Amino acid sequence: MRATYHDACGLSHGQKIRSQPRQLLGLIPGLELVPLADSEACCGAAGSYNLTQPEMAEKVGKEKAANLRATQARAIFTGNVGCLLQITRHLRDEKPRPWVAHPIDALWASYSGEIPLELRG
């Protein structure tokens, strides 16, 4: 399965965690992790930014969604719940809809054999 990883601002800029999630995802058999252009650029969620600055958050979210589409990934992973919500929002009408999830969800799917709804069919 083709997948990509979005660097959440707090993890990548604040905690300098960039390679570790990719290394973890790289251990999953059958997962092809492809690079995401401007991966470290904000998705527009930024804590409460999407609530306090909705117009700018919408613009930033659309830019992130365009970069995500360009990867042709069936799965998109990120380590922040705000990013998960923002990315899901901007890609909800995609056909087929990508699976947007935390890296731990990818590990669970791999270990359990449970296929997420977005990937069935």
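Numbers for the structure displayed
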item: Residue that is surrounded by the most Cβ atoms within 10 Å (Cβ to Cβ), among those in segment 3-25 that are more than 21 Å from ALA70 (Cβ to Cβ) and of a type in the set (Gly, Ala, Ser); result: GLY10
item: Matching entry among ILE104, ILE76 (being among the hydrophobic types (A, V, I, L, M, F, W, C) and touching a helix residue (DSSP H, G or I) at 6+ places or on another chain (Cβ under 8 Å)); result: ILE76
item: Residues located in segment 110-121, provided they are of a type in the set (A, V, I, L, M, F, W, C) and surrounded by 11 or more Cβ atoms within 10 Å (Cβ to Cβ); result: ILE115, LEU119
item: Residue that is farthest from the chain's Cα centre (by Cα) [pool: residues in segment 27-71 that are charged (D, E, K, R) and not in a helix (DSSP H, G or I)]; result: GLU32
item: Residue, nearest to LEU33 (Cα to Cα), within segment 50-109, restricted to residues that are among the acidic types (Asp, Glu) and either touching a Pro at 6+ places or on another chain (Cβ under 9 Å) or loosely packed, with under 14 Cβ neighbours inside 10 Å (or both); result: ASP105
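We did not get these values from a lab; they are worked out from the coordinates using the rules stated. Bear in mind that the values here come from a model prediction, so they are computed numbers and not experimental data. Virtual Cβ from ideal backbone geometry, glycine too; neighbours counted across all protein chains shown.
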